[in-house]
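Inspection log for the structure reproduced underneath, given as structure tokens.
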């Protein structure tokens with residue numbers, strides 16, 4: 001049971017990670033800004049601890065004074081529960097007011113679940129001071145004093161309003177409270193969702209009839225390419241710049257997202273936080289989310305039995321999808337829907353399903369790998385590792401560089417806006433209110449196609465065929481001949497071209513930089529580098545390719561192969577694990593924003609021909 005104590009003194013705060021209940025001496029030390037000692041799990045309260053706020057009376061001839069001096073605490077008790085600090089009301093007496101009254105200066109609110117926990121701890125009496133009364137579930141302690149609420153947002157807003165007033169600016173000594181709500185992803189979403197709901201409502205009411213473009217026959221018969229028709233909040237793909245996660249490019253994410261070590265690759269948990277909130281998390285927030293995902297990473301035995309019912313020779317993606325479908329038995333969304341949950345709260349069980357799914361997919365994927373390639377010898381989750389590091393560990397790869405590669409791989413493969421097959425499939429199926437397991441299972445089946453996620457498997461196989469026929473020291477001229485041979489046989493060069501991008505995929509570029517840093521002399525990497533120089537001019541000469549540049553699949557297989565993950569047939573499973581982060585993040589927002597059932601209009605060739613004739617004659 002984890003507890004984070006936020007100790008607040010005059011004009012500042014002191015964070016003391018610990019357990020137990022602070023004693024009177026600790027309270028006095030904290031108020032003086034001193035370190036607290038003696039907080040241990042084995043120290044239950046033996047008396048009523050009173051924490052008395054100090055207020056300075058407002059007197060005639062002086063400006064109002066608001067001087068916080070209290071010991072406040074934020075307690076995270078169990079999974080998904082936390083005390084969250086929020087300032088809701090501040091009362092002061094203006095200069096020249098009657099008497100020297102002291103007014104309550106800080107109001108704390110929090111949700112019932114935590115209030116009950118605190119009540120259990122403090123049920124013998126007063127929790128915050130003699131005049132405050134006894135803590136009660138969801139109710140004020142006393143007239144205008146302290147209760148519990150959900151978030152910390154109004155603290156900064158109220159402080160800003162106060163400091164903007166000239167007569168208060170110099171007399172307010174305020175405080176920043178780092179509470180456990182800052183570490184709680186769910187609490188962050190509870191604050192954001194109403195804002196985004198209003199934003200969408202305003203867009204629809206004020207701009208609902210604004211046209212976004214024209215639809216051509218080419219778009220209809222060409223896979224809807226270039227047709228704008230989906231709302232996808234988590235990422236946006238620019239044809240020239242590549243993917244941006246909540247406005248951040250991959251290099252920017254590598255720079256600002258927390259890593260497992262200095263100058264390391266970004267942690268996937270950090271990207272998950274970014275995709276869901278639009279905010280860059282700090283390391284403490286990422287560590288808390290990583291811990292939460294580990295706590296959720298519990299796979300029932302029947303899931304493994306469902307996979308075991310398949311032949312070992314079944315494709316790894318078939319086995320992964322079967323495992324995901326077996327996980328669906330525990331869907332919180334399905335249970336809530338069957339009980340009649342209101343549609344405004346659909347996002348809450350979707351959130352639970354999504355985080356459970358994200359947490360559990362690596363275990364299922366690792367089981368599939370060990371079952372097929374390692375005689376079924378399973379490696380358990382390591383409670384000290386992060387999401388990407390644990391996935392590498394459970395697969396059986398402990399090289400620190402491989403752990404870094406897996407963190408990078410999962411991060412850059414997580415999301416690629418909503419129009420690709422897997423993302424669109426997940427969104428489409430979920431629009432029917434199918435739960436995240438059903439939706440993600442469908443997305444995986446789309447990902448398994450040769451034109452989508454299976455491409456990374458085909459790249460490595462093709463590169464190895466080059467080596468088998470021409471050797472590792474192939475010259476650029478020989479390589480050019482082999483590329484033409486592939487094209488003239490009616491095949492494509494895997495790993496080049498993209499449905500949207502018109503320049504080199506930045507996901508390719510960051511993998512190339514990783515290779516230059518960690519495996520510059522690897523023969524297969526050097527071959528990939530030669531392909532980067534040879535293939536684009538050939539495809540340009542061919543004249544049938546809009547984008548001759550390499551995509552993400554052109555590089556990932558070689559990196560994985562270098563660190564020992566040589567089973568190309570398994571590569572798409574890695575892609576699937578990564579994509580759970582992006583798809584599930586958007587599914588939460590789909591339900592939070594109340595996006596409707598997807599139902600585009602289809603037409604026949606007869607209709608098209610008739611329409612085109614009318615257009616030509618008009």
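The values are calculated or read from the model by the stated rules, or taken from the named source; none is laboratory data. Being a predicted model, the structure only gives us computed values, none of them experimental. Backbone-built Cβ (ideal geometry, glycine too); neighbour counts: all protein chains shown.
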Subset of segment 283-308 [under 13 Å from the mean Cα position of the chain (by Cα) and either over 26 Å from residue 329 (Cβ atoms) or crowded, with 20+ Cβ neighbours inside 10 Å (or both)]: 285, 286, 287, 288, 289, 290, 293
Qualifying residue in segment 573-582 (condition: in contact with a helix residue (DSSP H, G or I) (Cβ under 6 Å, 6 or more places away or on another chain), surrounded by fewer than 22 Cβ atoms within 10 Å (Cβ to Cβ) and at pLDDT 95 or above): no
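Residue-by-condition table, conditions (1) modelled with pLDDT of 95 or more; (2) part of a helix (DSSP H, G or I); (3) within 30 Å of residue 334 (Cα to Cα):
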| residue | (1), (2), (3) |
| --- | --- |
| 422 | yes, yes, yes |
| 434 | yes, no, yes |
| 441 | yes, yes, yes |
| 446 | yes, yes, yes |
| 456 | no, yes, no |
| 459 | no, yes, no |
| 465 | no, yes, no |
| 484 | no, yes, no |
Single unsatisfied condition, residue 477 versus (1) buried (at least 17 other Cβ atoms within 10 Å of the Cβ); (2) assigned to a helix (DSSP H, G or I); (3) out of contact with any helix residue (DSSP H, G or I) (no Cβ under 6 Å at 6 or more places or on another chain): (1)
3 or more residues closer than 30 Å to residue 538 by Cα and touching a residue at least 12 places away in the same chain (Cβ under 8 Å): qualifying helices (runs of 4 or more DSSP H) within segment 548-618: 553-562, 571-592
Pair list, Cβ under 6 Å, 6 or more apart: segment 469-491 residue touching a residue at least 60 places away in the same chain (Cβ under 8 Å), other residue assigned to a loop (DSSP other than H, G, I, E, B): none
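Confirm whether residue 230 is surrounded by 15 or more Cβ atoms within 10 Å (Cβ to Cβ) and part of a loop (DSSP other than H, G, I, E, B). Walk me through how you get there before you give the answer.
Details: surrounded by 15 or more Cβ atoms within 10 Å (Cβ to Cβ): yes; part of a loop (DSSP other than H, G, I, E, B): yes.
Answer is yes for this residue.
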Filter pass, residue 251 being crowded, with 18+ Cβ neighbours inside 10 Å and farther than 16 Å from residue 585 by Cα: no
Number of positions in segment 490-509 that are at pLDDT 90 or above and either buried (at least 22 other Cβ atoms within 10 Å of the Cβ) or in a loop (DSSP other than H, G, I, E, B) (or both): 2
